[in-house]
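Report on the structure given below.
The values are calculated or read from the model by the stated rules, or taken from the named source; none is laboratory data. A quick note: this is a predicted structure, and the numbers were derived from the prediction, not measured. Cβ placement follows ideal geometry from the backbone for every residue including glycine, while neighbour counts extend to all protein chains displayed.
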């Protein structure tokens, strides 16, 4: 009998990625982020960055919330910088923040990844499906494995085929 899941998942929360904000120029500028589920807008947020941090402005239950999130950076080996959030809850250097009422890291919100809820058998199936999608196919296990995509290196294709075979072996070894 499986245990009932007690933790919320990262995938069920709004996600804020510091690398995407840096790429879009929002760490030093202003803009709007919109999250949708299907065709329904689930949250709209204004972002204003000054280089040292960002200010998030959004509305929950008719209450406007302004939250300041500090940003730090580390030097990268070949030059340049990598940006990080400093979690407002624990000051941990982190790349992703998740939004409930306030944005915090997954540790502060006690979140788990959806894959952590999967049984080992379903985790093996997920690995097989992920490999097939990387090869340009579908997640349907009844379809044959796709052939090597035209521009994929042979070594990469061979590695993915080995990963799929190992996942099938793990799946088969778990019994019925």
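Quick look at the numbers
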| quantity | calculated |
| --- | --- |
| Qualifying residue in region 99-108 (condition: assigned to a loop (DSSP other than H, G, I, E, B), in contact (Cβ under 8 Å) with a residue 24 or more places away in the chain and under 30 Å from residue 171 (Cα atoms)) | yes |
| Odd one out for residue 85 among (1) part of a loop (DSSP other than H, G, I, E, B); (2) modelled with pLDDT of 90 or more; (3) closer than 30 Å to residue 44 by Cα | (1) |
| Matching residues, region 131-145, being within 21 Å of residue 169 (Cβ to Cβ) and surrounded by fewer than 16 Cβ atoms within 10 Å (Cβ to Cβ) | 133, 139, 140, 141, 142, 143, 144, 145 |
| The listed residue being under 20 Å from the mean Cα position of the chain (by Cα), outside the structural domain of residue 42 (by TED's automatic domain parsing) and outside any loop (DSSP other than H, G, I, E, B), out of 71, 128 | 128 |
| Checking residue 76 against (1) within 29 Å of residue 55 (Cβ to Cβ); (2) outside the structural domain of residue 28 (by TED's automatic domain parsing), the condition it does not meet | (2) |
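For every residue, the table says whether it meets (1) more than 22 Å from residue 33 (Cα to Cα); (2) touching a helix residue (DSSP H, G or I) at 6+ places or on another chain (Cβ under 6 Å).
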site: 83; (1), (2): no, yes
site: 95; (1), (2): no, yes
site: 104; (1), (2): no, no
site: 107; (1), (2): yes, no
site: 116; (1), (2): yes, no
site: 158; (1), (2): yes, no
site: 164; (1), (2): yes, yes
site: 168; (1), (2): yes, no
site: 175; (1), (2): yes, no
